[in-house]
Amino acid sequence: MEDAVYMMPNPVTPNQCVVINPDLCQGCNACIEACRTDVLVPNLEKGQPPVVLYPDECWFCGCCLGNCPVPGAIRMDFPMNQRVGWKRKATGEYFRIGMKNPPPPNTRPPIG
Amino acid sequence: MSEQVYEKLKKWPYPVNYGKENEITADVLIIGGGIAGCHAAISAIKRGAKVAVVEKGTVLRSGAGGDGVDHWHLACTNPASKITPEEMMGVLKSTFGEYGYGEFGNGIAAYISSRESYDAMLDIEKMGVKVRDVDDLFVGAPFRDEKTKLLFAYDYDNRFTIRVQAANVKPALQKEMKRLGVAIYDRIIVTRLLTEGGKPGNRVVGAMGVNVHTGEFYIFKARATIISTSIPNGLWMFSTELKGAAALQEPNLTPESMAMLWDAGAELTMMEASGTRMQSGGFSYLMYSTGNSHNTWFACTLVDADGKEIPWVDRNGKVLKTVEERYHCAPGQRAFVYDGPRLTPDLPERIAKGEFKLPLYADLPGMPEHERRAIWGLMVGNEGKTRIPIYWTFQNWGFDPDKDMLQATVQPPDLYTWGAWWKTYGPRQYRGMAGGGPVFDWDLKTNLEGLYAAGSTLACGANHSGSASTGRYAARKATKYAATAREPVIDRKQVDAEKARVYASVNRKDGMGWKELKMGLVRIMQDYCGECKSEEILQTGLRWLNSMRESEIASAWARNPHELGRILEALAQVTLNEVIMKATLAHTASSRPLGLKRLDYPQMDPPEWRKYMTIRQENGKIKTGELPLNYWLLPPNAPTYEENYRKHSEI
């Protein structure tokens, strides 16, 4: 069996708030610089993606993502207990954060 | 990601040197690098002072304003404003009452904001932050001043709140600080103020702290110190699991600033104030992330599950027929900040009777285009903690404000009074934003020589432009004082005692972790300083805290500098809990504006208690005192705002 099984503490709650895509991350650590609560710490291997060490302390401010030079390298999603929904006025369809097959992203930028 | 962590369990990524001393000297030391601290630093260094800023997180993005801001309050001196700072003080007093002006602080902080917030906004504009509609996206909108291109929010008659596009204000401030040569010390939790001779009540000569990456010890020696930390949070409610991302204030806003003020002998007031607002429920959603019509979402149309519109009324209860009418004063109303147009106040009963069906939805598609774009594109696009968390997260999941109606939280009908519905559900915090802090004067000086205050530290005046305004004002006073102040002298015994205290938790092999400690402490506040308060209940609470100091607190255990930082917060929380309980004990009456209900003193606001009670420690004993309400316009102060400002503002 390839994957060894370990004795481990439980996953922290939440544990998927901030997820780094190792294929896109350049390991520049700019996200670490912007994180106010040290959710992210440097990888001991230089150039490797930061370690998401304290996801339970994430305030979901998005500053890591805002400081990241590579679009898509960091994904943030609300903790499952804080996901919200909306209704399309014309059709009554209901959508929510976290759903399977969501509508396509709305790419209109904010003002400023 | 936990597997990634544990599989490759490795040593702490930063070099650790517990106890290693770093000594820094400055003319002006600023504790807290949020909005107030940054504006203070820039103002002080421009006046020639040597400035150090110490920040627990990272000046680049930390603080309640770290993510930006969308509305600039009390800009009464902007060219399009129809209200003077003096008139504004009357509006605030009639809105909030006598004890303080909510997020605007007290009379001193609010007046300084009314005089200077527009100037502070021009400061950030010079740093490259967009504060007006330079792209002409809102030409012809009823909230635009065509001459200055300023965009206004809320009260379109009086035009004193400016809609700004300042999601990137923190990086701009940090860049300016670096350009001017401010020394920035990030990732340091300040744990105690240094006083002359190490004695409480003496002149403040700096502060001490610990780096939460390296564990190193920092001694800041300063002629003048400005404390610009925010309102302590997590006193009655703490749960990274239940709330976490939805916590109202950023997680670094913890009790150590208030505890260090107490330890240094600062005089505090309104520490017994609690429950003035439903601060933040345990089942909160992220700020601005559910359907509502509050603040940044003002004045969005709400509809019920069948699409039936919830009526809006003005202050006098008159039903408003159009969206346009929601942005204007009621007949006879001078201006409005909070008591303007609102959803009909009988909404809870009408929901309970079945007239409106839950869930409710924020009907952005039903709003006129300029208002929809102002709410979603401009305000949600730039407000603190909304650009990436709300704007982009929602849109990445396909949210389209032109088509979609955001659902409001489903909660008991009585919670559908006008307000921030994302945070009202579940176990409550009892301490609102109008809570306590240090007593301060027209110099923004505390009772301790050499110690000034700015931002939310001032009567919990927690708003962005107020923090910017009072930051620059406090810096002018502190810089002036520092220019002639005698050389600060550090008391070595005070340093050694603090080092022994702060590192105790890393010298243990096991013990209680910081999260369990914080959870245990909030339980004490919920039980003994919550809904039911009396002499016996509060004394029991103090007994619990005292006992915990000897056992659980004494076993506090940190395995790395990060955990150490959180442990130091928990230790400060014990002190602050005690201060709040002692202040509550000393206030032998109930008080509606303070949110104080005592079972043993049920009389609400008896005349002899129409005052601020003050509290401090002197030689290990509690000293209470009092200040008249409106003290800022009573002797030895001048009788008018204008006169006090002229005498003290250094302008």
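The values are calculated or read from the model by the stated rules, or taken from the named source; none is laboratory data. It should be emphasised that the depicted structure is a prediction, and the values quoted were computed from it without experimental measurement. Note that each Cβ is placed from the backbone with ideal geometry, even for glycine, and that neighbours are counted across all protein chains shown.
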How many residues are away from chain A (no Cβ under 14 Å) and either more than 23 Å from the chain's Cα centre (by Cα) or in a helix (DSSP H, G or I) (or both) if we restrict to the range B:157-172? 3
Kindly indicate whether any position in the range B:610-624 is among the aromatic types (F, W, Y), in contact (Cβ under 8 Å) with a residue 40 or more places away in the chain and within 30 Å of B:Y481 (Cβ to Cβ). yes
List every residue pair whose Cβ atoms sit under 6 Å apart, with the two residues 6 or more apart in sequence or on different chains, where the first one lies in the range A:98-112 and is within 8 Å of chain B (Cβ to nearest Cβ) and the second, anywhere, is β-branched (V, I, T). none
Does the range B:183-207 hold any residues that are more than 21 Å from the chain's Cα centre (by Cα) and assigned to a loop (DSSP other than H, G, I, E, B), and which are they? B:K199, B:P200, B:G201, B:N202, B:R203
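On the given criteria, is B:L564 surrounded by 20 or more Cβ atoms within 10 Å (Cβ to Cβ) and in contact (Cβ under 8 Å) with a residue 40 or more places away in the chain?
It is true that B:L564 is surrounded by 20 or more Cβ atoms within 10 Å (Cβ to Cβ) and in contact (Cβ under 8 Å) with a residue 40 or more places away in the chain.
Go through the range B:449-463 and give me each residue that's in a helix (DSSP H, G or I) and in contact with a Pro (Cβ under 7 Å, 6 or more places away or on another chain).
Of the range B:449-463, the ones in a helix (DSSP H, G or I) are B:455-457.
Matches in the range B:449-463: B:T457 only.
Condition check ((1) over 30 Å from B:R203 (Cα atoms); (2) at pLDDT 95 or above) across all residues:
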{"position": "B:M270", "(1), (2)": "no, no"}
{"position": "B:T276", "(1), (2)": "yes, no"}
{"position": "B:L286", "(1), (2)": "yes, no"}
{"position": "B:P311", "(1), (2)": "yes, yes"}
{"position": "B:P331", "(1), (2)": "yes, yes"}
{"position": "B:A335", "(1), (2)": "yes, yes"}
{"position": "B:L343", "(1), (2)": "yes, yes"}
{"position": "B:D346", "(1), (2)": "yes, yes"}
{"position": "B:E349", "(1), (2)": "yes, yes"}
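Mind checking which residues of the range B:355-386 are of a type in the set (K, R) and at pLDDT 95 or above? If you could, list the steps in order and put the result at the bottom.
Here is the first cut: in the range B:355-386, the ones of a type in the set (K, R) are B:357, B:372-373, B:385.
Scanning the range B:355-386 gives B:K357, B:R372, B:R373.
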Can you give me the number of residues within the range B:395-409 that are more than 7 Å from chain A (Cβ to nearest Cβ) and within 21 Å of B:A420 (Cβ to Cβ)? 3
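Looking at A:C68, A:C31, which one is surrounded by 13 or more Cβ atoms within 10 Å (Cβ to Cβ), more than 7 Å from chain B (Cβ to nearest Cβ), in a helix (DSSP H, G or I) and not charged (D, E, K, R)? Even if it seems obvious, please write down each step before you answer.
Numbers: A:C68 fails: in a helix (DSSP H, G or I).
From the options A:C68, A:C31, the qualifying one is A:C31.
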Out of the range A:36-65, which residues are surrounded by 20 or more Cβ atoms within 10 Å (Cβ to Cβ) and more than 8 Å from chain B (Cβ to nearest Cβ)? A:V39, A:L40, A:P49, A:P50, A:C64
Go through B:G68, B:G105 for me and flag whichever is crowded, with 24+ Cβ neighbours inside 10 Å and closer than 30 Å to B:N630 by Cα. B:G105
Please go through the range B:9-28 and pick out each residue that is farther than 14 Å from B:A207 by Cβ and surrounded by 15 or more Cβ atoms within 10 Å (Cβ to Cβ). B:W12, B:P13, B:Y14, B:V16, B:Y18, B:D27
Among the numbered criteria (1) part of a loop (DSSP other than H, G, I, E, B); (2) modelled with pLDDT of 95 or more; (3) buried (at least 20 other Cβ atoms within 10 Å of the Cβ), which one does B:L594 miss? (2)
Condition test on B:A246, is it closer than 23 Å to B:V380 by Cα, surrounded by 23 or more Cβ atoms within 10 Å (Cβ to Cβ) and modelled with pLDDT of 95 or more? no
Out of the range B:139-166, which residues are under 25 Å from B:Y111 (Cβ atoms) and polar (S, T, N, Q)? B:T148, B:N158, B:T161
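Would you mention how many residues in the range B:324-362 are more than 14 Å from chain A (Cβ to nearest Cβ) and more than 25 Å from B:C76 (Cα to Cα)? Reasoning before the result, please.
Step one: of the range B:324-362, the residues more than 14 Å from chain A (Cβ to nearest Cβ) are B:324-356.
Now restrict to residues that are more than 25 Å from B:C76 (Cα to Cα): B:343-356.
Residues flagged as more than 14 Å from chain A (Cβ to nearest Cβ) and more than 25 Å from B:C76 (Cα to Cα) within the range B:324-362 amount to 14.
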Select from the range B:234-270 the residues that are within 28 Å of B:E498 (Cα to Cα) and not in a loop (DSSP other than H, G, I, E, B) and list them in ascending order. B:E256, B:S257, B:M258, B:A259, B:M260, B:L261, B:W262, B:D263, B:L268, B:T269
Would you point out the residue of the range A:71-97, among those that are touching a Lys or Arg at 6+ places or on another chain (Cβ under 9 Å), more than 8 Å from chain B (Cβ to nearest Cβ) and in a loop (DSSP other than H, G, I, E, B), that is surrounded by the most Cβ atoms within 10 Å (Cβ to Cβ)? A:R83
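Is it the case that B:L458 is at pLDDT 85 or above and over 15 Å from the mean Cα position of the chain (by Cα)? Write out each step before concluding.
Numbers: at pLDDT 85 or above: yes; over 15 Å from the mean Cα position of the chain (by Cα): no.
Criteria not met by B:L458.
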Failed item in (1) within 21 Å of A:C58 (Cβ to Cβ); (2) surrounded by fewer than 20 Cβ atoms within 10 Å (Cβ to Cβ), with B:P171 passing the rest: (2)
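Condition check ((1) over 30 Å from B:R373 (Cα atoms); (2) touching a strand residue (DSSP E or B) at 6+ places or on another chain (Cβ under 9 Å)) across all residues:
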position: B:G215; (1), (2): yes, no
position: B:S239; (1), (2): yes, no
position: B:L242; (1), (2): yes, no
position: B:P255; (1), (2): yes, no
position: B:W262; (1), (2): yes, yes
position: B:F283; (1), (2): no, no
position: B:A299; (1), (2): no, yes
Restrict the check to the range B:548-566 and report whether at least one residue is in a helix (DSSP H, G or I), under 26 Å from the mean Cα position of the chain (by Cα), at pLDDT 95 or above and among the charged types (D, E, K, R). yes
Name the single residue, out of those in the range B:59-75 being out of contact with any Gly (no Cβ under 7 Å at 6 or more places or on another chain) and within 19 Å of B:K149 (Cβ to Cβ), that is nearest to the other protein chains (Cβ to nearest Cβ). B:D70
Checking B:D119 against (1) at pLDDT 95 or above; (2) outside any helix (DSSP H, G or I), which test does it fail? (2)
